[in-house]
Amino acid sequence: DAPAGVSRDLEGVSILISAGGTREPLDPVRFIGNRSSGKQGVALADAAVSRGARVIFVGAHLEVEPPRGAELHSVETAEELRVEMLALAPEADVVIMSAAVADYRPKTVAEGKIKKDQVGDTLSLELVKNADILAELSANKAAHQTVVGFAAETASSREELLELGRAKIARKGCDYLVLNKVGWREGFTSDTNDVAIIDNAGHIVIEVADTKLSVANSILSTVISPEHND
Ligand code: CTP
Ligand code: CA
């Protein structure tokens, strides 16, 4: 049941959300990872569940509890996330890529543990670029679907942040991009978030600085258009 004061305005809407951060293996015991906690993605899922949506949640190494009331999937690598998201996307009205996807993975994964006496004083890793999942989801999306990306930029000014955001949404082809003002105030593990949402025309639709749950509710209200609710 919805908590008191929460409207069930997303009943009948299916939302696919990725969260957390992928890990790219180097050998059986080591990986290249990132510092995404998954908090904002879990908050999105919690908010959507409370508002009555069907939520399909794909988590990659969450530092927090997975959302309750969502259909849970779990992945390790960017490629696993890609396969899962492309398979699940046809079921969703809204697709939200809040996961931090590793941009590169080790070109080769050692079968056994990498040993110092076999390497020496320096070790160079060759990395290859991972596929762009958000761009692929956007290119494949059905007419009724809305695709949302996230971007954490270390811009030194508001203008630079917006410029980076506009270039990124044009490159990705998604409908909305949630710009995270990382390094200004809030970090990856914080409970609050400071975002601006831009649309595919490059316009700011909304700016919000609040708890991750409140930011989640604003994101959902912004990206879910009335025609999804019928
Ligand atoms: N993303 C993705 N697949 C990738 C990389 C990123 O789907 N291989 C998604 C992220 O989940 C996020 C959005 O794209 O929703 C933007 O991620 P970001 O890292 O900011 O963009 P990149 O294209 O990787 O560019 P950058 O060089 O700035 O990291
Ligand atoms: Ca990236």
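Read the figures in this text as sums done on the coordinates, not as results from a lab. On a predicted model such as this, the values are computed, not experimentally measured, just so you know. Using ideal geometry, Cβ is built from the backbone for each residue, glycine included, and neighbour counts are taken over all protein chains shown.
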Discussion item. From the helices alone, meaning DSSP H stretches of at least four residues, give me the mean residue ellipticity at 222 nm for the chain, per-run term -39500 (n - 2.57), in deg cm²/dmol to the nearest 500.
Written reply: -7500 deg cm²/dmol
Worksheet item: Using θ = phi - 60° and the Karplus form 6.51 cos²θ - 1.76 cosθ + 1.60, what ³J(HN,Hα) does each residue of the range 50-64 get, whole Hz, x for Gly and Pro?
Response: 4, 8, x, 6, 7, 10, 10, 10, 10, x, 10, 6, 6, 9, 10
Worksheet entry | Cα-projected label distance for residue 140 with residue 221, points at 7 Å along beta-carbon direction, nm | 3.3
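Sequence gap at least 6, Cα distance under 8 Å: using those rules, report the relative contact order of the chain to the nearest whole percent.
Details: 490 pairs, mean separation 45.8, N = 230.
Once divided by the residue count of the chain, the mean separation gives 20 percent.
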Worksheet entry | Acute angle (nearest 10 degrees) that the helix 78-88 long axis makes with the longest principal axis of the chain, alpha-carbon atoms | 30
Discussion item. Whole-Hz ³J(HN,Hα) for each residue in the range 150-165, computed from phi via Karplus 6.51 cos²θ - 1.76 cosθ + 1.60 with θ = phi - 60°, x for glycine and proline: what do you get?
Written reply: 10, 9, 9, 10, 9, 7, 9, 8, 4, 4, 5, 4, 5, 4, 4, x
Discussion item. Just to check I understand the Karplus step: with θ = phi - 60° and J = 6.51 cos²θ - 1.76 cosθ + 1.60, what whole-Hz values come out for the range 97-103, glycine and proline as x?
Written reply: 9, 9, 5, 8, 8, 4, 6
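Based on DSSP, what percent of beta bridges with both residues in the chain are antiparallel, to the nearest 5? Working shown, then result.
Numbers: 18 of 44 bridges.
So the antiparallel bridges amount to about 40 percent of the total.
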Worksheet item: Sequence-distant or interchain residues sharing an amide H contact under 5 Å with residue 26, placed H: which?
Response: 31, 32
Discussion item. Taking amide H atoms as placed 1.01 Å from N in the peptide plane, list the residues 5 or more away in sequence, or in a different chain, whose amide H sits under 5 Å from that of residue 205.
Written reply: 197, 198, 199
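If we sort 158-166, 118-126 on the protection proxy, mean other Cβ atoms within 10 Å, highest first, what's the order? Walk me through the numbers on the way to the answer.
Values: 158-166: 15.9, 118-126: 7.7.
Sorting 158-166, 118-126 by mean packing, highest first, produces 158-166, 118-126.
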Discussion item. Longer than 29 Å from Cα to Cα, which of 39/116; 113/172; 129/181; 39/168; 39/129; 116/168 are they? Say none if no pair is.
Written reply: 39/116; 113/172; 116/168
Worksheet item: Roughly what % antiparallel, to the nearest 5, for the DSSP beta bridges in the range 16-83?
Response: 25
Discussion item. With angles folded into 0 to 90 degrees, how steeply does helix 212-223 sit against the dominant principal axis of the chain? Use alpha carbons for both and round to 10.
Written reply: 70
Practice prompt. For residue 100, list long-range residues whose amide hydrogen, built 1.01 Å from N in the peptide plane, is under 5 Å from its own amide hydrogen.
Written response: 20, 21, 22
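When only DSSP loop residues count, what GluC sites (Glu not before Pro) in the range 58-103 have their Cβ near at most 16 other Cβ atoms within 10 Å?
Working: sites: 63, 71, 76, 79, 80, 84, 91; in loops: 63, 76.
Loop-located and lightly packed - 63, 76.
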Item to complete: Just subtract the alpha-carbon distance of residue 125 and residue 154 from 0.36 nm times their residue separation and send over the number in nm, one decimal.
Response: 7.9 nm
